[in-house]
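The values are calculated or read from the model by the stated rules, or taken from the named source; none is laboratory data. What you see is a predicted model; the values in this text were computed from it and never measured. Ideal geometry is used to build each Cβ from the backbone, glycine not excepted, and the neighbour counts take in all protein chains shown.
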Amino acid sequence: MDLLWLGVLGVIWGASYLFIKVAVAEVPPFTLVAARLLLGAAVLWILLLTAGKSRQAVPRGWALWRLFAVMGLLNGALPYSLIFWGEQYISSGLASLLQATTPVFTVILAQLQGDERMGPAKLVGIVAGFVGVGILMLPDLRQGLHASLLGQAAIVASSLSYAAAAIFARSRLRGQPALVSTTGQLTMGAVYMVPLSLLVDRPFHLSPSLPAVASWLALTLVGTVVAYIIYYAVLDRTSATFVSTVTYIIPVNGLLLGALVLGEPLSATLLVGLALILLGVLLVRR
């Protein structure tokens, strides 16, 4: 049963790139990010306050909220903004592949901090991951600096941000209840993004279509709230190693859904890049 829920989680997070592609075509990126974080935080606060204080402690104290402020930036506001902005210029499938490099960056940052040893397998995995990214970006690199290349660079930068968040959480938030940490970081992410959306996008006169609104709601309620509930439920019953295998499912689903729903082409370059990135992830997780 846990394997089935892991597959569901991979489908949900893989579909997130499709939802982003549909929504960002009509709504500015900062506004989408702000709305996702704000609604997600509101729902999680309801869950947190109704879960019972015996199980989940409401976060208190400035020291803890300062940590949530860092996580809200590195694991919410910054990577979400980079992904939403980047998907304006590249396909959803390509975005899901480039995002799969997060574990590779995590190992590199952990090595720089002295948290992990760099064995031969991890070194080969890092090289394979970067070669995969290079193959995906090579056609645009040949054409010089333009929107598509910048979009891809933004997705890669979001992976680096997620990796930094993972290292930070590992060292500073160990032992915190998962629901508390997620609620705190989404709340602080919304604190960053709501003013930015109002100042930059000025979203007062937006009138998105029904598919765009539905994609935003699916991204927020299913891709954030429901997905995290499934994630933590499976994590409680299994292990972090088991749950981490969702990393292999997400890019495959993202690529297939982009092709089936949005008609995005499946080229040999994408498939080779996918194989190398997944090989890299497999080796660095050994």
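Where residues in the stretch 140-170 are at pLDDT below 85 and in a helix (DSSP H, G or I), which of them is surrounded by the most Cβ atoms within 10 Å (Cβ to Cβ)?
ASP140
Restricting to the stretch 237-247, name every residue that is part of a helix (DSSP H, G or I) and loosely packed, with under 15 Cβ neighbours inside 10 Å.
Residues of the stretch 237-247 part of a helix (DSSP H, G or I): 237, 240-244, 246-247.
Result: ARG237, ALA240, THR241, PHE242, SER244.
Let's see how each residue does on (1) closer than 25 Å to PRO211 by Cβ; (2) in contact with a Ser or Thr (Cβ under 7 Å, 6 or more places away or on another chain); (3) assigned to a helix (DSSP H, G or I):
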| residue | (1), (2), (3) |
| --- | --- |
| PRO251 | yes, yes, yes |
| LEU256 | yes, no, yes |
| ALA259 | yes, no, yes |
| LEU274 | no, no, yes |
| LEU278 | no, no, yes |
| LEU283 | no, no, yes |
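List the helices (runs of 4 or more DSSP H) inside the stretch 22-139, counting only whole elements, that have at least 1 residues being surrounded by fewer than 24 Cβ atoms within 10 Å (Cβ to Cβ) and among the basic types (Lys, Arg). Don't jump to the end; show me each part of the working.
Numbers: elements: 29-50, 62-72, 78-86, 92-99, 102-113.
Output list reads 62-72.
Give the residues of the stretch 248-264 that are buried (at least 23 other Cβ atoms within 10 Å of the Cβ) and more than 13 Å from GLN99 (Cα to Cα), sorted by residue number.
The one that is buried (at least 23 other Cβ atoms within 10 Å of the Cβ) and more than 13 Å from GLN99 (Cα to Cα): GLY258.
Give ALA25, ALA69, ALA63, ALA42 a once-over and let me know the one that is within 30 Å of LEU206 (Cα to Cα), free of Cβ contacts under 8 Å to residues at least 40 places away in the same chain and more than 17 Å from the chain's Cα centre (by Cα).
Values: ALA25 fails: free of Cβ contacts under 8 Å to residues at least 40 places away in the same chain; ALA69 fails: free of Cβ contacts under 8 Å to residues at least 40 places away in the same chain; ALA63 fails: within 30 Å of LEU206 (Cα to Cα).
From the options ALA25, ALA69, ALA63, ALA42, the qualifying one is ALA42.
Using the structure shown, decide if LEU278 is surrounded by 17 or more Cβ atoms within 10 Å (Cβ to Cβ) and modelled with pLDDT of 90 or more.
Working: surrounded by 17 or more Cβ atoms within 10 Å (Cβ to Cβ): yes; modelled with pLDDT of 90 or more: yes.
So LEU278 fits the description; yes.
Any idea which of SER197, SER267, SER215 is over 30 Å from GLN113 (Cα atoms), of a type in the set (Ser, Thr, Tyr) and free of Cβ contacts under 8 Å to residues at least 40 places away in the same chain? Lay out the reasoning, then the answer.
Working: SER197 fails: free of Cβ contacts under 8 Å to residues at least 40 places away in the same chain; SER215 fails: free of Cβ contacts under 8 Å to residues at least 40 places away in the same chain.
Selected residue: SER267, the only one of SER197, SER267, SER215 that is over 30 Å from GLN113 (Cα atoms), of a type in the set (Ser, Thr, Tyr) and free of Cβ contacts under 8 Å to residues at least 40 places away in the same chain.
Only one of SER207, SER197, SER181, SER215 is at pLDDT 85 or above, farther than 18 Å from GLU87 by Cα, of a type in the set (Ser, Thr, Tyr) and buried (at least 17 other Cβ atoms within 10 Å of the Cβ). Can you tell me which?
Numbers: SER207 fails: buried (at least 17 other Cβ atoms within 10 Å of the Cβ); SER197 fails: farther than 18 Å from GLU87 by Cα; SER215 fails: farther than 18 Å from GLU87 by Cα.
Exactly one residue qualifies, and that residue is SER181.
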